[in-house]
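As structure tokens, the structure follows; a few thoughts come after it.
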């Protein structure tokens, strides 16, 4: 009876084509749904103009912020993974970890985004308050590269294993402020204060977290398919942008003032990015 039992156990183990342990590498494709969450932007502008024979010097500032609503994006992306797994001794349970890389290349855009402004200026005759807006012709948030490292545990069966895990991620995100102009309601109508359109860009790597569930199916003892669902989210982060501007002259009720106005635009944009992905890869065990 003992010999028969040993023989049956050996046969059951031998019928499984899932190795006891293995390094693996795979390549495939993912379908992604990307949300740009908690997006906020803030900006402040400064203005100075020298005194002339007819006008006193001018200096002013205005600032404000707003929430930005960016539409979700769909992205089909290439995916690469590297990993290792091993069964626990005398068990179909296993543990492992895998590194995953995807190029998402997704951008969400809103046009003619308004950033409300309040402030004032001093022209030597007192302080005058005003309201206005920055107008951003194209406000964009992007996620480019995404990398995750996911420890997992799983349950093997004869042709593969099911698994679940979670771990850290890092994502490359980018903010584009394309064509920004500052307008102020100085004389009852919006006046272009900052002149020609300005464009700013900021790119950074942001840490986050990723969770996944999936399953594998071995085509033979060397190759297997891996199908999984994952959710990855970056932490809230802030991108800063800034630059100078200059403009000659401004229209007023008294006519055109040809003074050279100069100043700065300074701002930041914040939020996080969440990406849901269904990924299919073809992998080789080593």
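Restricting attention to the stretch 177-193, the residues that are buried (at least 21 other Cβ atoms within 10 Å of the Cβ) and more than 29 Å from the chain's Cα centre (by Cα) add up to 2.
Residues in the stretch 84-110 that are assigned to a loop (DSSP other than H, G, I, E, B) and in contact with a strand residue (DSSP E or B) (Cβ under 6 Å, 6 or more places away or on another chain): 92 only. Residues that are crowded, with 23+ Cβ neighbours inside 10 Å and more than 15 Å from the chain's Cα centre (by Cα) were ranked within the stretch 156-176; the one that is nearest to residue 219 (Cα to Cα) is 161. If you check residue 55 against the conditions, is it farther than 18 Å from residue 163 by Cα and assigned to a strand (DSSP E or B)? So residue 55 fails the test.
Yes or no, residue by residue, for (1) loosely packed, with under 12 Cβ neighbours inside 10 Å; (2) touching a helix residue (DSSP H, G or I) at 6+ places or on another chain (Cβ under 9 Å); (3) modelled with pLDDT under 95:
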| residue | (1), (2), (3) |
| --- | --- |
| 14 | yes, no, yes |
| 24 | no, no, no |
| 30 | no, no, no |
| 36 | no, no, no |
| 66 | no, no, no |
| 74 | yes, no, no |
| 84 | no, no, no |
| 90 | yes, no, yes |
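Regarding the stretch 198-215, can at least one residue be identified that is over 30 Å from residue 34 (Cα atoms), touching a strand residue (DSSP E or B) at 6+ places or on another chain (Cβ under 6 Å), surrounded by 19 or more Cβ atoms within 10 Å (Cβ to Cβ) and at pLDDT 95 or above? No: zero hits. Figure legend. Inter-residue proximity from the stretch 170-193: first residues farther than 14 Å from residue 115 by Cβ, second residues modelled with pLDDT under 95 and outside any strand (DSSP E or B), beta-carbon distance below 6 Å, spacing 6+ or different chains. Indicated pairs: 187/253. Any residue that is modelled with pLDDT under 95, more than 26 Å from the chain's Cα centre (by Cα) and not in a strand (DSSP E or B) - is there at least one of those in the stretch 227-245? Looking through the stretch 227-245, none of the residues is modelled with pLDDT under 95, more than 26 Å from the chain's Cα centre (by Cα) and not in a strand (DSSP E or B).
Answer yes or no as to whether residue 179 is in contact with a strand residue (DSSP E or B) (Cβ under 6 Å, 6 or more places away or on another chain), modelled with pLDDT under 90 and on the phi > 0 side of the Ramachandran plot. Taking the combined requirement at face value, the residue does not satisfy it.
The values are calculated or read from the model by the stated rules, or taken from the named source; none is laboratory data. A quick note: this is a predicted structure, and the numbers were derived from the prediction, not measured. All Cβ positions, glycine included, derive from the backbone under ideal geometry; neighbour counts span all protein chains shown.
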